[in-house]
Amino acid sequence: MGALVTACNTDQKPQATGTATTSSSSSDTLATVGTAEIVYINSDSLLSKYEYFKDARTRFQSKTEKAEKDFQSKAAAFEREVQSYQRNGGSMTVEQRASTEQKLAQRQQQLQQQSQTTGNQLATEEAEEMKKIYDRVEAYLQKLSQERGYKMVLTYSRGQSAILYGDNSLDITEEVLTGLNSEYDQEKEAAKTKDTTATKKK
């Protein structure tokens, strides 16, 4: 989630970059931080506690496991065919062996293509799902920033951040999580109501 850095007012230059300093020559930076125009969120907490992300991860894991089981089933069936050929190949004619080996080679190639295609498809779907999550968080941060007067929202992830220190008063992670999860709960309730209404009409 390191890419999640939202400048909420692009007309003004950032007044601080990362850690606030106590130097007497940094009065502008201190003034900006003092008015909380620059805040940050903990991206680790955001991802682990955002219900939409957890639901999306569960859906993706389920889809991945299903694809893996399907491939393993086909791979096991192919292995049985190979073992059968190894047992019975000696009693086949030259033409039968050539035909069987050709079919097995084709099956192996199909399995390899399926594995690659499925892997690419899952990677694409994962990237699209992550984009949806980023878009949802960014849209909420833009709305919140307009309400609170934030000029910039930084992201903090332990061990992978330019923010080596930030005062806890600037951490809006819990507030953002509360708002995001509230919006998602409302969406789920609306979808549930819509499904119930549609079912009754049938």
Could you figure out which of (1) closer than 29 Å to SER182 by Cβ; (2) open to solvent by less than 70 Å² (accessible area, probe 1.4 Å); (3) in contact (Cβ under 8 Å) with a residue 12 or more places away in the chain isn't true of LEU104? (1)
Only one of these conditions is not met by ALA198: (1) part of a helix (DSSP H, G or I); (2) closer than 22 Å to SER48 by Cβ. Which number is it? (2)
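How many residues are of a type outside the set (Val, Ile, Thr), farther than 17 Å from ALA123 by Cα and open to solvent by 60 Å² or more (accessible area, probe 1.4 Å) when one looks only at region 71-98?
From region 71-98, those of a type outside the set (Val, Ile, Thr) are 71-81, 83-92, 95-98; that's our starting set.
In the following step, the residues that additionally are farther than 17 Å from ALA123 by Cα were identified as 72-81, 83-92, 95-98.
Imposing the further condition that a residue be open to solvent by 60 Å² or more (accessible area, probe 1.4 Å) reduces the set to 72-74, 79-81, 83, 86-88, 90-91, 95-97.
The number of residues fulfilling the criteria is 15.
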Scanning region 120-162 for residues that are among the small types (Gly, Ala, Ser) and open to solvent by 50 Å² or more (accessible area, probe 1.4 Å) gives ALA123, ALA127, ALA139, GLY159, ALA162
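Residue by residue, here is whether (1) modelled with pLDDT of 75 or more; (2) on the phi > 0 side of the Ramachandran plot; (3) over 26 Å from the mean Cα position of the chain (by Cα) holds:
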| residue | (1), (2), (3) |
| --- | --- |
| GLY149 | yes, yes, yes |
| GLN160 | yes, no, no |
| ASN168 | yes, no, yes |
| VAL176 | yes, no, no |
| THR197 | yes, no, yes |
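The values are calculated or read from the model by the stated rules, or taken from the named source; none is laboratory data. Every value quoted in this text rests on a predicted model; they were computed, and no experiment measured them. Neighbour counts run over all protein chains shown; Cβ positions are idealised from the backbone, glycine included. Ligands, DNA and RNA are excluded from the accessible area calculation, which covers all protein heavy atoms including side chains. Shrake-Rupley method; radii C 1.70, N 1.55, O 1.52, S 1.80 Å.
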